[in-house]
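Each remark here refers to the structure printed beneath this line.
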Ligand SMILES: NC(=O)c1ccc[n+]([C@@H]2O[C@H](COP(=O)([O-])OP(=O)(O)OC[C@H]3O[C@@H](n4cnc5c(N)ncnc54)[C@H](OP(=O)(O)O)[C@@H]3O)[C@@H](O)[C@H]2O)c1
């Protein structure tokens, strides 16, 4: 096991949470922060204990000491910043959604393969012990054959046409931002759907505000998923099987409570344990893969990210056609 020098590209909200999580990863060295503003990078460095501050992304990428770049810019820039980082010879962990469409994701993956460099989408939920436990319990038959997933992710966002949530040029929309989590869970549990339906209510900017998606999967499972910037939703998920159900309680993409009910028995709580704020698990996966000389995660392979973005493409097409 060796140590890895991490660099943050884009010193915003999620970069702060991710940096906090690196502190609990033994192998991670909090090395560099790159921001469009040197002042901001310097303050970020001080706040989180990084060593180097850069006032441009390009300068940071030219630093040969940087091993891994974590891309935390708005959705519309993931493609450009991933390509820049790979071209600079860095391993990359890029925030979700990986790209704005399948074509971008395909090009990013092709570039990583061509450069023989590690690349992974920062779908942190995939590595959380509580999500792994849900998958294990279902595969072990705890609730019998799973049949229906209901999952929703909603909060009341302050409307601002320029924010990354609503601005189309920044890749705004509830599906890209939070609907990706119910879609992730559905794909993870039931695989790529055979039927896809979606309806949506747009924000004044034209990006999707509230969207409901219905999926049918190959073994007859149904996913019923909603995302919204207009409603404070429970943000729980429920998986109903022939013998019982499992609930992933607020918030389901980082479940802090798992509840199970079998037949007429009382609900029981399943114990879950984790350390850090949760983002550490995806960072650990990156370093584990690099230790093993891998350029692609076995746990979150390119094919999963390709399926996820294909699904988002289809949902976005259906939404556009309905408007
Ligand atoms: N995994 C999760 O739980 C999670 C949670 C929230 C968000 N995210 C993802 O993380 C990404 C960033 O979200 P965030 O909430 O951290 O956003 P944010 O607070 O707005 O930060 C984004 C950063 O990107 C940089 N940036 C570069 N060009 C920009 C531009 N044209 N407009 C705005 N910012 C620009 C800025 O950093 P500098 O000025 O320092 O260069 C900015 O601070 C999104 O893709 C989002 O989907 C993931």
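For this structure, a couple of remarks:
Per-residue answers, yes or no, for (1) assigned to a helix (DSSP H, G or I); (2) within 15 Å of the ligand (Cβ to nearest atom):
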residue	(1), (2)
19	yes, yes
53	no, yes
65	no, no
82	yes, yes
94	no, yes
104	yes, yes
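- Per-region count, segment 37-74, residues surrounded by fewer than 19 Cβ atoms within 10 Å (Cβ to Cβ) and under 21 Å from residue 89 (Cα atoms): 9
- In this entry, residue 323 is excluded by the filter for residues that are over 14 Å from the mean Cα position of the chain (by Cα) and modelled with pLDDT of 95 or more.
- Residues in segment 286-299 that are surrounded by fewer than 21 Cβ atoms within 10 Å (Cβ to Cβ) and either touching a residue at least 24 places away in the same chain (Cβ under 8 Å) or in contact with a strand residue (DSSP E or B) (Cβ under 9 Å, 6 or more places away or on another chain) (or both): 289, 290, 291, 294, 295, 296, 299.
- Qualifying residue in segment 72-79 (condition: assigned to a loop (DSSP other than H, G, I, E, B), under 20 Å from residue 278 (Cα atoms) and touching a residue at least 24 places away in the same chain (Cβ under 8 Å)): yes
- Residues that are within 16 Å of the ligand (Cβ to nearest atom) and either more than 30 Å from residue 202 (Cα to Cα) or not assigned by TED's automatic domain parsing to the domain that holds residue 148 (or both) within segment 254-279 comprise 256, 274, 276, 277, 278, 279, listed in sequence order.
- Residues being more than 10 Å from the ligand (Cβ to nearest atom), surrounded by fewer than 18 Cβ atoms within 10 Å (Cβ to Cβ) and either in contact (Cβ under 8 Å) with a residue 40 or more places away in the chain or within 27 Å of residue 165 (Cβ to Cβ) (or both) - total across segment 24-36: 2
- Test set (1) away from the ligand (no atom under 16 Å from the Cβ); (2) surrounded by fewer than 23 Cβ atoms within 10 Å (Cβ to Cβ); (3) closer than 17 Å to residue 272 by Cβ - residue 220 fails condition number: (3)
- Residue list for segment 238-253, restricted to those being under 17 Å from residue 186 (Cβ atoms) and either within 16 Å of the ligand (Cβ to nearest atom) or assigned to a loop (DSSP other than H, G, I, E, B) (or both): 248, 251, 252, 253
- Total residues in segment 37-51 satisfying the condition of being on the phi < 0 side of the Ramachandran plot, part of a loop (DSSP other than H, G, I, E, B) and more than 8 Å from the ligand (Cβ to nearest atom): the figure is 2.
- Search result, residues across segment 1-17 that are part of a loop (DSSP other than H, G, I, E, B) and either without any contact (Cβ under 8 Å) to a residue 60 or more places away in the chain or more than 17 Å from the chain's Cα centre (by Cα) (or both): 1, 2, 3, 11
- Qualifying residue in segment 228-243 (condition: closer than 20 Å to residue 75 by Cβ, more than 22 Å from the chain's Cα centre (by Cα), surrounded by fewer than 23 Cβ atoms within 10 Å (Cβ to Cβ) and in contact (Cβ under 8 Å) with a residue 60 or more places away in the chain): no
- Residue 123 under 29 Å from residue 207 (Cα atoms) and within 18 Å of the chain's Cα centre (by Cα): yes
- The number of residues in segment 156-205 being over 15 Å from the mean Cα position of the chain (by Cα), outside any loop (DSSP other than H, G, I, E, B) and within 14 Å of the ligand (Cβ to nearest atom) comes to 3.
The values are calculated or read from the model by the stated rules, or taken from the named source; none is laboratory data. The model shown is predicted, which means the values in this text are computed figures rather than measured ones. We place every Cβ from the backbone using ideal geometry, glycine too, and count neighbours over all the protein chains shown.
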